[in-house]
Amino acid sequence: MPLADTHIIQDSARLQALHALCLLDTPADSAFDRLTELAALVINVPMALVTLIDADRQFVKTQVGLADPWKTTRQMPLSHSFCQHVVARAEPLIIDDAREHPLVHDNASIVDLNIIAYAGIPIITSSGHAIGSFCVIDHTPRHWTEKEITLLKKLAASVSTEIELRAEINERLHIEKVLIEREHFINQIVNTSPGAIYVYHLLEERMVYMSSGSEPVLGYSAEDMQAMGSSLFKRLIHPDDMAVLDERSRQFGSSQSDESFSFEYRIQQSDESYRWVRSSETAFTRSESGDVIEVIGVAQDITKDKMADEEREKLLVRITDLEHLKSDMIRVAAHDLRAPLSIIIGYAALLKDDVLTETQDTFMNEIAKAARRMENMIRDILSLERIEAHAAGQHESVVLNTLVQTAYNEGYLQADHKSQAYVLSLPDTPVVVQGDPVQLKEAVDNLIRNAIKYTHESGTIQVRLTANGIFEVEDSGYGIPENQQHGLFSPFFRASSPETREIEGTGLGLHLVKRIIERHGGQMHFHSEYGKGSIFGFRLDPESNPHAGQSRQIVIQ
């Protein structure tokens, strides 16, 4: 049996148009039933059908005279379909005797459904797609008159009209459903929003809309605020904040964009107290000339934030006062301690000039040692206080080469006294950083002094600076036990080992260095092995230097 043009039958646009009508596999419908009954009656035929042609089947929407099983299943394969040819051709198909017609003479429905005479008119959608056929069938050969074909065309047109009306109704119902769902969705968002959402008419100075969540934020219900009309802001806004609203009107008056504006103001409550509110608004409706008529905004209660800000400001002032008091107390204490310490150190030195017993001499050495330890501690505490007090001071360009060279030279006598190999490595080009030269010098001094102090006699001290801002001091000294390294930069922490137990120190040096370097945006680093030595250093980002080159070494043996 020749099938209809499958490209047309299975055309995706045609099938999409058919499926969009939602008619396939639907129950019988009295509106369509009346049309097939009318056709069967007027044209005097035993069978009348309205069919819809899917990709691989023929669905019967309404019928008269169809026998089972087709009457019950209401569908059949395309092998039993004359209507597929009506759809493929998109024009009427008139057959007096199907057994002799070249298009359908071997169609299975001739035997199975006893279809002999057939007249089918295409059902065309408004988009121009043929989706099915309105057909009448006779079980004997028949010549279809012009009058019968004309009537059939009108009935087919009625089916098309009914389908289009239903499609419009379905589309309208779908749109209404979408709108209802969207409105419900928007209401859910608005009603669960932590802020009050509103629409304000700038010209009439009144609230057009307010969400149900306005009362917890503003202290008034939506109905109350809308009832106030144009007197709303004059009645409720703090007098000192009216200028903010005037600025809001000025901004929207000159704005042609949809950017948002935020402003803060106080709104009076029923108990005459005030609540802080922040509003963020954007243009909602405009006139034909582009002027903003209405704005849509969100208001949030920021009273707690404002109170927290005030408390923070008070606390900051209090902390600043306490910091000043602490600094004054440290300076006074240091001054008051230095005077008696100087006396103790001086008298201890004078007494050592006298003839002392061995025990007395030991006691005087311990007194002098303790006094020097206290003097060093006072110096370090004052240094730390100075760093904290001037942390935000003005920085200047510092040439690290010069600073390191100076610190290295100052450590020479101490290293020479212990017969240590004292090595300096500097880049040929200047390494310039932004910082406080006094503080940076103190950091470098501290690392060099520590290396010399914690390295045995005849050991090696290597001081080096690289072109990319890395400063390190490497020694071959006692090193630090691994289980004590975690606290190295804590104030007053001192690593302890048999070799270093008698070496004087305050435990503030490395903490002081770390504070200085971090205040300058740098990073500290170290590596130490007990019994082998240590490397302590830091990195500061230098100013760009396109001429960075090789390093030179100075060795003092």
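Yes or no: the range 236-252 includes at least one residue that is closer than 15 Å to Ala196 by Cβ and not in a strand (DSSP E or B). Checking the range 236-252: at least one residue is closer than 15 Å to Ala196 by Cβ and not in a strand (DSSP E or B). For Ser231, the conditions (1) part of a strand (DSSP E or B); (2) in contact with an Asp or Glu (Cβ under 9 Å, 6 or more places away or on another chain) are fulfilled apart from (1).
Every residue in the range 144-167 that is over 60 Å from the mean Cα position of the chain (by Cα) and either not assigned by TED's automatic domain parsing to the domain that holds Ile116 or not in a loop (DSSP other than H, G, I, E, B) (or both), please. Please lay out each step first, then the result.
Pass one, the range 144-167, residues over 60 Å from the mean Cα position of the chain (by Cα): 144-155.
Glu146, Lys147, Glu148, Ile149, Thr150, Leu151, Leu152, Lys153, Lys154, Leu155 - these are the residues of the range 144-167 that are over 60 Å from the mean Cα position of the chain (by Cα) and either not assigned by TED's automatic domain parsing to the domain that holds Ile116 or not in a loop (DSSP other than H, G, I, E, B) (or both).
Could you check Asp271 against (1) part of a loop (DSSP other than H, G, I, E, B); (2) within 20 Å of His201 (Cβ to Cβ); (3) not β-branched (Val, Ile, Thr) and say which number it fails? Status for Asp271: all satisfied but (2).
Has the range 262-274 got at least one residue that is buried (at least 16 other Cβ atoms within 10 Å of the Cβ), hydroxyl-bearing (Ser, Thr, Tyr), under 21 Å from Pro216 (Cα atoms) and touching a residue at least 24 places away in the same chain (Cβ under 8 Å)? Scanning the range 262-274, I find at least one residue that is buried (at least 16 other Cβ atoms within 10 Å of the Cβ), hydroxyl-bearing (Ser, Thr, Tyr), under 21 Å from Pro216 (Cα atoms) and touching a residue at least 24 places away in the same chain (Cβ under 8 Å), so the answer is yes.
I want to confirm something. Restricting to the range 523-551 and keeping residues that are polar (S, T, N, Q) and within 38 Å of the chain's Cα centre (by Cα), which single residue is modelled with the highest pLDDT? This residue is Gln523.
From the list Glu146, Glu162, Glu100, the one residue that fits, being within 17 Å of Leu35 (Cα to Cα) and surrounded by fewer than 20 Cβ atoms within 10 Å (Cβ to Cβ), is Glu162. Listed by position, the strands (runs of 3 or more DSSP E) enclosed by the range 417-485 that each have at least 3 residues that are under 16 Å from Thr406 (Cα atoms) and touching a strand residue (DSSP E or B) at 6+ places or on another chain (Cβ under 6 Å) are 421-427, 460-465, 470-475.
For (1) touching a helix residue (DSSP H, G or I) at 6+ places or on another chain (Cβ under 9 Å); (2) within 15 Å of Ile302 (Cβ to Cβ), each residue gets a yes or a no:
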{"residue": "Gln226", "(1), (2)": "yes, no"}
{"residue": "Ser230", "(1), (2)": "no, no"}
{"residue": "Met242", "(1), (2)": "yes, no"}
{"residue": "Arg248", "(1), (2)": "no, no"}
{"residue": "Ser279", "(1), (2)": "yes, yes"}
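Restricting attention to the range 217-259, the residues that are under 33 Å from the mean Cα position of the chain (by Cα) and among the acidic types (Asp, Glu) total 3.
Contact annotation: residue pairs with Cβ atoms under 6 Å, 6 or more positions apart or on different chains, pairing a residue in the range 412-437 that is of a type in the set (Lys, Arg) and surrounded by fewer than 21 Cβ atoms within 10 Å (Cβ to Cβ) with a partner that is outside any helix (DSSP H, G or I) and at pLDDT 90 or above, are Lys418/Glu457.
The values are calculated or read from the model by the stated rules, or taken from the named source; none is laboratory data. Keep in mind that this is a model prediction, so the values were computed, not measured. Here Cβ is always computed from backbone atoms with ideal geometry, including for glycine, and neighbour counts include all displayed protein chains.
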